[in-house]
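Participant: The structure follows.
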Amino acid sequence: MFLPPLRAASRVLCFSALGVGLSWALSKPVCAAEYYVATTGNDASAGSKEQPFATLQKALNLVAAGDTVWVRGGTYRITKPATSGPGINITKSGTSDSNRIRIWAYPGEVPIFDFSQLEISDTGYTTGVTVSGSWLHLKGLEICNVPMKTKSNSGVGVNEPAHDDIFELLNIHHISGTGLFISHGTGGHLVLNSDSHDNYDPTSTQGDGQNADGFGAHYQESGASTTFRGCRAWWNSDDGWDFISQEYPVIVEGSWSFGNGYINSGTGKPGDGAGNGFKVGSSKTGIRHIVRNNLAWGNRAAGFYANHSSGGNDWL
């Protein structure tokens, strides 16, 4: 078994890339490392199952295409930002659907990333987890309690040049802004069976509860459609889904949106939040989003709202 230098982990899986019709000269070992992160770990350790890292960021700085990071259960309290904006910064990329970087909860366990004590910017935006890499797969993580000053921050922010990422079984909640905010880039993301709830930005410069949505996709102008499938948004102070200024089609299917426009587990109302279940639009170029087989109830405003889209949408 080949173990390359500086890639030590608990296990390195190797296989040949030689395919039918390829020259032997193109054949080389392709190795995928596995790293482990645990609340009892140490970033000076090897990152193995027996000697895990203490922080996810340590593993993220080492990963390459095809690697897997297993995150053990427990609460990770992030206090120092990885860079000036995000608490955790994911910049590495996979190369294809079959060669992704996987950041997965260890089977049967729930890793919780609590950002309540995160040092945040006085002037700019802060994000719990910032994703700028592509061909990633995040699965089974709980992300919560991103604070704010006057800027409405995000739990997970997906920024260009990110594309073709999978966000699966995420539980994002109590964010001082939008839970999952996908911005710019070329899309192609899949948000699968994820929850975003109880998000509320009370001290926003734009108004009490004005910008805390469950899910948002914004500012994309080319590329591939992002799909939300089997997701749920509830008790967000603004909207469940919001596609304002999104100029490329988005698909939402098999998802629920309920109780938005309310706060404190549905017992109160923000001063300025809108409260739409699916706010699908505001396109100025005639983009038509696809909204099919979804359910909305108990929202403060409309269940389904086109938000002045110039081209309408496909409601199924």
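Participant: Is it true that S154 is under 13 Å from the mean Cα position of the chain (by Cα) and open to solvent by 20 Å² or more (accessible area, probe 1.4 Å)?
Facilitator: So S154 fails the test.
Participant: Taking region 157-190 on its own, how many of its residues are surrounded by 24 or more Cβ atoms within 10 Å (Cβ to Cβ) and of a type in the set (S, T, Y)?
Facilitator: 2
Participant: Which condition number does G266 fail, the rest of (1) surrounded by 18 or more Cβ atoms within 10 Å (Cβ to Cβ); (2) at positive phi being met?
Facilitator: (1)
Participant: From the list F304, F278, which one is crowded, with 24+ Cβ neighbours inside 10 Å and under 18 Å from S196 (Cα atoms)?
Facilitator: Answer to the check: F278.
Participant: Okay, next question. Just to check your reading of the model, which residue among N99, N42, N61 is more than 26 Å from P161 (Cβ to Cβ) and either of a type outside the set (A, V, I, L, M, F, W, C) or touching a strand residue (DSSP E or B) at 6+ places or on another chain (Cβ under 9 Å) (or both)?
Facilitator: That would be N42, the only listed residue that is more than 26 Å from P161 (Cβ to Cβ) and either of a type outside the set (A, V, I, L, M, F, W, C) or touching a strand residue (DSSP E or B) at 6+ places or on another chain (Cβ under 9 Å) (or both).
Participant: Give me the residue from region 226-246 that is touching a residue at least 60 places away in the same chain (Cβ under 8 Å) and within 13 Å of I287 (Cβ to Cβ) and, out of that set, most open to solvent (accessible area, probe 1.4 Å).
Facilitator: Applying the filter and picking the extreme gives I244.
Participant: When both residues are 6+ apart or on different chains and their Cβ atoms are under 8 Å apart, which pairs have a first residue that lies in region 90-110 and is farther than 16 Å from I143 by Cα, and a second that is polar (S, T, N, Q) and surrounded by 14 or more Cβ atoms within 10 Å (Cβ to Cβ)?
Facilitator: The qualifying pairs are T91/S132; S93/S134; G94/S134; I101/T68; I101/S93; R102/T68.
Participant: Pull up region 40-60, narrow it to residues that are open to solvent by 60 Å² or more (accessible area, probe 1.4 Å) and not aliphatic (A, V, I, L, M), then point me to the one that is farthest from V146 (Cα to Cα).
Facilitator: Here the residue is E50.
Participant: Among the residues of region 130-144, which ones are surrounded by fewer than 24 Cβ atoms within 10 Å (Cβ to Cβ), closer than 22 Å to W235 by Cβ and in contact with a Gly (Cβ under 8 Å, 6 or more places away or on another chain)?
Facilitator: Matches in region 130-144: C144 only.
Participant: Mind telling me which of the residues V12, V69, V37, V63 ends up being buried (at least 16 other Cβ atoms within 10 Å of the Cβ), modelled with pLDDT under 95 and closer than 25 Å to G140 by Cα?
Facilitator: Selected residue: V12, the only one of V12, V69, V37, V63 that is buried (at least 16 other Cβ atoms within 10 Å of the Cβ), modelled with pLDDT under 95 and closer than 25 Å to G140 by Cα.
Participant: Restricting attention to region 88-130, and to residues there that are assigned to a loop (DSSP other than H, G, I, E, B) and among the aliphatic types (A, V, I, L, M), which single residue is nearest to D195 (Cα to Cα)?
Facilitator: If we take residues in region 88-130 being assigned to a loop (DSSP other than H, G, I, E, B) and among the aliphatic types (A, V, I, L, M), then V110 is nearest to D195 (Cα to Cα).
Participant: A further question follows. Every residue in region 163-179 that is among the hydrophobic types (A, V, I, L, M, F, W, C) and under 11 Å from the mean Cα position of the chain (by Cα), please.
Facilitator: Of everything in region 163-179, those that are among the hydrophobic types (A, V, I, L, M, F, W, C) and under 11 Å from the mean Cα position of the chain (by Cα) turn out to be I166, F167, L169, L170, I172.
Participant: If I filter region 67-76 for residues that are in contact with a Lys or Arg (Cβ under 9 Å, 6 or more places away or on another chain) and among the β-branched types (V, I, T), do I get at least one hit?
Facilitator: Within region 67-76, one or more residues are in contact with a Lys or Arg (Cβ under 9 Å, 6 or more places away or on another chain) and among the β-branched types (V, I, T).
The values are calculated or read from the model by the stated rules, or taken from the named source; none is laboratory data. Everything quoted here is computed from the prediction, not taken from an experiment. With ideal geometry, Cβ positions are generated from the backbone for all residues, glycine too; neighbour counts draw on all protein chains shown. Just the protein is used for accessible areas: all its heavy atoms, side chains included, with ligands, DNA and RNA removed. Shrake-Rupley method; radii C 1.70, N 1.55, O 1.52, S 1.80 Å.
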